[in-house]
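Notes for the one structure printed next.
Taken together, the values in this text are just the output of simple stated rules run on the coordinates, not laboratory data. Just so you know, these numbers come straight off a predicted model, no measurement behind them. Cβ sites come from the backbone with ideal geometry, for glycine too, and all protein chains shown count toward neighbours.
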Amino acid sequence: MARLQRHLSRAAASAPVPALAVALALALAGGCGLNLPPQLSPVDNHVAYVGTPLEIELDSYDPEGDRLTYGFETQEAARFASARVVAGAGNGAAFVWTPQPGDEGEHQVAFVVSDGAHVNRRVVTISVFADPMAVSRPRFRQPLGDSVAIDLAEGPCVDIEIAVDDDDSPDVSLTQSPAIVGSTLTQLATQPSLPSADSSRATASAAVAARFHWCPSATQKKQPLHVLRLVADDREHEPVVKELQLLITTATPSTPPSGPTGGLNKSASGLLIAPFLLDFEKDNGGLSGDRDWEWGRPSFTNTDGCSAGATAPPAAHSGERVWGTVLDGCYSPLGNNKGTSSSSTCENGDTTDDSVLALSFEIPAGKTSAYLTFYEWRDVFTPFDFAEVRAGSSKLLRQFCDTSYEKPTGWVKRFVSLTAYIGKRVDLSFHLVASTVANYAGWYIDDLEVKVY
């Protein structure tokens, strides 16, 4: 009950948002009694084709037999203007939509059922293709994340293993574009699977392995940041691009003290002095969080309207404690994700209404480079919900806004260059931006470290 009250209070405090595309249809059920939330049956992701009607069946159960209202919510009101929900038999209903030319791509829709007092949602991805054969593009499976640290003190060269798979193409090529001077990308193997059991499709899949090898030159070593741009092409769809930031260090970093913040190096004004490592076990590391940010043990339970697919970390990255957005449930539907237009995504129009986790520290002068590293578990409704790392509220250091939702499978190490702040104070902040459509487990941060060289 306490958790429900907290979520209701958060919802009441949320900023108003533009009307969502909501279509309603009634499913009748009788009776009254204890008012428990209705249960919306699982809804699978769907593939649709331009010009072909798509119908998704919806079904729910209400413990008291209350009268149920079905609907759907989306951030793409214009695209789904022709979609509707029609009443079905018993407690059922159906979502009906015919994609038009220009609707190709992935779209997320939240199906909603309400008994008048409680709401339950399930979010699905509808993938629209121009023709029935275009069902899959290559996917990068390795490396995870978008940054790799290269410590040349361990050796003059670096090797990065790469893995790509494709569900419906037997042949996928990997290239660099543009290639990093002096590097090689060797495709090791393509392992096609057996053709699909559906002979009418006659598709096959492929698993591709490759190795990137690079020995930076003396000139390249002087530039700490390089970008490796990998392109996977199955010759049937638009090529898929993955960019990796390669962070070069040529000296052993200063050894960071770790533990409670009381034992770390601090300036006369009380700010932490880099290098340092915060594992959040003995205390909260001196960070301050507003709105959804909490420090403690992850204890997620999927209640109070969270997406059915919400995936929280089973434990901290190390130890027991982390910083996270609502440790025992999904993050709040703040409705603060609008940029310069109602349809914009990955655009933070107002940083003052974000859920913000902040830490101020100093990087001493006389260093050649500085980096922030941290481990994250991020389960948000992308691309409508996204995360950012900022210096203060105005300077964007990194944005994490994926083109479509993909369930997290493990903690990912992130890197952010702070070299520009050597000899300065850094007001670091982690921003979570949220829509009102559907909420997942949220953003979790652990083992935050600032390294200096």
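Over the alpha carbons of the range 314-382, what is the largest minus smallest coordinate on each principal axis, giving the biggest first in Å?
That gives 46, 33, 18 Å along the principal axes, largest extent first.
Pop the C-beta distance of Ala153 and Ser299 into the FRET formula with R0 = 45 Å and round what comes out to the nearest 0.05.
Between Ala153 and Ser299 the formula returns 0.65.
With each pseudo-label sitting 7 Å past Cα toward Cβ, what's the Asp171-Thr261 distance in nm, one decimal?
The two pseudo-label positions are separated by 5.8 nm.
Express in whole angstrom the spacing between the alpha-carbon centres of the range 371-404 and the range 432-452.
A separation of 7 Å, based on Cα centres.
At 0.36 nm per residue, and after removing the present C-alpha to C-alpha distance, how many nm does the segment from Arg139 to Gln399 gain when stretched out fully?
Extra length available between Arg139 and Gln399 comes to 91.5 nm.
Can you pull a Stokes-Einstein diffusion coefficient for the range 261-452 at 37 °C (0.692 mPa s), Rh from Kirkwood over Cα pairs, as a whole number of µm²/s?
Translational diffusion coefficient: 194 µm²/s.
Tell me, in nm to one decimal, what length is gained between Cys215 and Val241 on full extension, where the rule is 0.36 nm per residue of separation less the Cα-Cα distance?
That pair, Cys215 and Val241, stretches by 7.1 nm at full extension.
What is the fewest-to-most order of Thr74, Thr261, Thr345, Thr219 by other Cβ atoms lying within 10 Å of their Cβ?
Thr219, Thr261, Thr345, Thr74
For Lys424, which lysines qualify as cross-link partners when the Cα separation must be under 19 Å and same-chain residues fewer than eight apart are set aside?
Hits, sequence-local ones excluded: Lys266, Lys367, Lys395, Lys451.
May I ask you to list the aspartates and glutamates whose Cα is less than 15 Å away from that of Lys222, ignoring any residue fewer than eight positions away on the same chain?
Filter leaves Asp151.
With only alpha-carbon pairs counted, each pair once and no self-pairs, how large is the Kirkwood hydrodynamic radius of the range 66-154 in angstroms? List each step's numbers first, then the result.
Working: mean 1/r = 0.0601 Å⁻¹.
The answer is 16.6 Å.
Among Thr184, Thr436, which comes first, then next, by fewest other beta-carbon atoms within 10 Å?
Fewest-to-most Cβ neighbours within 10 Å comes out as Thr184, Thr436.
Between Ala179 and His118, what FRET efficiency comes out of the Förster formula 1/(1 + (r/R0)^6) with R0 = 51 Å and r the beta carbon distance, rounded to 0.05?
After rounding to 0.05, the efficiency reads 0.35.
Over the Cα atoms of the range 362-453, what Rg and Dmax result, in angstrom?
Gyration radius and largest Cα-Cα distance of the range 362-453: 14.6, 48 Å.
What translational diffusion coefficient, in µm²/s and rounded to a whole number, does the Stokes-Einstein relation yield for the range 212-296 at 10 °C and a viscosity of 1.306 mPa s, taking the hydrodynamic radius as the Kirkwood radius over Cα pairs? Provide the component values of the computation, followed by the final result.
Working: Rh = 17.4 Å.
This corresponds to a translational diffusion coefficient of 91 µm²/s.
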